[in-house]
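Beneath this line is the structure, given in structure tokens, with notes to follow.
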Amino acid sequence: MNKTGNILEINKSSLLLLICLLNSFIYGQIISYELIQNWSKEEVSSIYSQYGVPESTGEINYGVDGYKILYFTPDFNGELVICSGAIFLPVEIGCSPPVLSWQHGTESNDYGAPSNIGNTYNDLVGVIAASNGYIVTMSDFIGLGEGEGIHNYMHASTEASASIDLIIYGKEFANAQLGIAPNDQLFIFGYSQGGHATMATVKEIETNYSNQLNVSASCPMAGPYDMSGSQRLMLEAGVAYPNPGYLPYVLFSYNKIYNLYDNINTVLKPPYSNYLFSMFDGTNSMWAINSSMPNIPINIFLNDYYQNYLNTETHPFKLALIDNDVYNFIPQSPMRMLHCNGDDNVAYENAEVAYNYFINAGVENIELIDGGNFNHEDCASIAIIGAKLWIDTMAELCQPSDLDEIKNGKKALLACVDFLGRTIPNNTTNKNMINVYSDGSYEKILLIK
């Protein structure tokens with residue numbers, strides 16, 4: 001499939017149509033599913049050891065099955081397209097599990113999408129959470145993995161719809177595979193682009209899907225929620241940026257959706273006008289794309305185009321950015337935003353703008369946690385573990401019936417961690433913390449000032 005072209009190859013279209021007819025939409029709009037890999041509890045334990053995952057991240061209660069999913073979801077124009085994703089299930093679970101929806105960060109290579117099970121960092125989230133007792137869904141988002149076309153990068157509407165559809169279809173799929181229905185809890189979290197997608201998904205569910213889904217809590221992390229303000233200004237600053245390829249990624253994505261320009265030669269300087277678009281065909285890593293660009297991303301633009309953009313408030317690119325701000329709603333469920341003030345990719349001001357908007361609107365159950373002076377990459381593991389622990393304190397997770405703690409009613413304190421998942425001494429008395437116990441339960445301790 002040529003992802004930068006306008007049509008699918010005829011053979012692949014015919015094959016997928018045949019698959020669709022044969023499956024007869026067994027699980028909603030799922031076209032096909034394939035068990036790619038399974039992990040025993042011992043193998044999950046090895047993952048903890050290999051990647052230095054703290055024991056407090058979650059009890060290893062179940063083996064895990066990882067499935068690649070192909071399903072239909074609407075594109076920006078309402079037409080159904082094929083999207084891929086992953087679902088991780090706890091093996092032989094004996095009770096109704098909650099659903100945990102993970103939204104992945106920026107990825108330009110199809111190989112790095114969640115559906116490529118066994119080969120990406122997304123496996124860590126899926127395997128660990130499913131072993132703890134969650135049903136985990138992960139959309140690749142439209143245009144990544146085995147999906148159609150180029151990726152709708154940073155497009156709030158289709159990030160949300162692709163995630164929601166996989167949650168809905170995935171609940172039915174999990175019921176059939178596990179022989180037990182999920183419970184009513186739904187938790188949503190994601191980092192970077194996934195933070196943007198998480199907030200967009202919460203907004204869409206609470207606005208248009210409240211009769212089907214109820215968000216129990218969400219944790220958007222390090223996301224560019226304020227695309228038209230904080231993030232735009234960061235990229236317009238005219239200084240070196242760690243991932244300059246993000247700018248053309250947004251440009252090409254929004255041109256597909258909003259028709260920003262008719263001819264790339266009126267927008268980008270050569271040689272970027274000659275080759276840059278073709279690099280977003282799903283075969284190149286962000287490293288390769290970044291390496292082909294100047295360190296100051298705005299230097300790819302023709303001066304006339306860029307000056308017109310700066311001086312025109314109704315410029316199509318600016319209007320597209322406004323359309324993808326995701327904080328302009330009133331969350332009805334608990335939300336904790338995590339962001340590190342040293343973020344060099346996504347301005348910390350994104351979180352502040354969103355938080356202040358919520359507070360000024362009278363939103364309750366909203367928090368902004370500053371993870372400290374860490375850059376975007378270093379902040380990720382801190383934030384993701386912290387988000388998982390926070391979600392665990394609300395999740396109705398059951399434990400296998402053969403655990404000694406359940407048999408004899410005893411439990412032991414495994415760890416004390418702060419709200420970012422960092423271990424602290426057990427005898428600490430002057431800090432907000434979470435106690436993690438051997439039976440899988442949690443105790444939040446809040447310091448009242």
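No lab work stands behind these numbers, since they all come straight from the coordinates. Since this is a predicted model, take the numbers as computed values, not measurements. Because the Cβ atoms are built from the backbone with ideal geometry, glycine has one as well, and the counts that use them run over all protein chains shown.
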Q. So how much slack lies between Glu34 and Tyr306, counting 0.36 nm per residue of separation and subtracting their Cα-Cα distance, in nm?
A. 93.3 nm
Q: Could you sort 194-207, 372-385 so that the peptide with the highest average Cβ count within 10 Å comes first and the rest follow in order?
A: 194-207, 372-385
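By the scheme Lys and Arg +1, Asp and Glu -1, what is the net charge of all other residues having a beta-carbon under 15 Å from that of Gly179? Walk me through the numbers before you get to the answer.
Numbers: positive: Lys171; negative: Asp65, Glu92, Glu172.
Taking every Cβ under 15 Å from that of Gly179, the sum is -2.
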Q) Using θ = phi - 60° and the Karplus curve 6.51 cos²θ - 1.76 cosθ + 1.60, what whole-Hz ³J(HN,Hα) does each residue of the range 62-78 get, with Gly and Pro shown as x? A) 9, x, 9, 10, x, 10, 8, 10, 10, 8, 8, 8, x, 7, 4, 9, x
Q: For Ala176 paired with Asn211, estimate the spin-label separation in nm (one decimal), with each label point 7 Å from Cα along the Cα-to-Cβ line.
A: 2.4 nm
Q | Over 26 Å between alpha carbons, listed pairs Lys171/Lys203; Lys68/Lys318; Lys41/Lys68; Lys269/Lys318; Lys171/Lys388 | A | Lys68/Lys318
Q) Check Gln103: other-chain or 5+ apart residues with amide H under 5 Å from its amide H, H built from backbone geometry? A) Phe189, Gly190, Tyr191
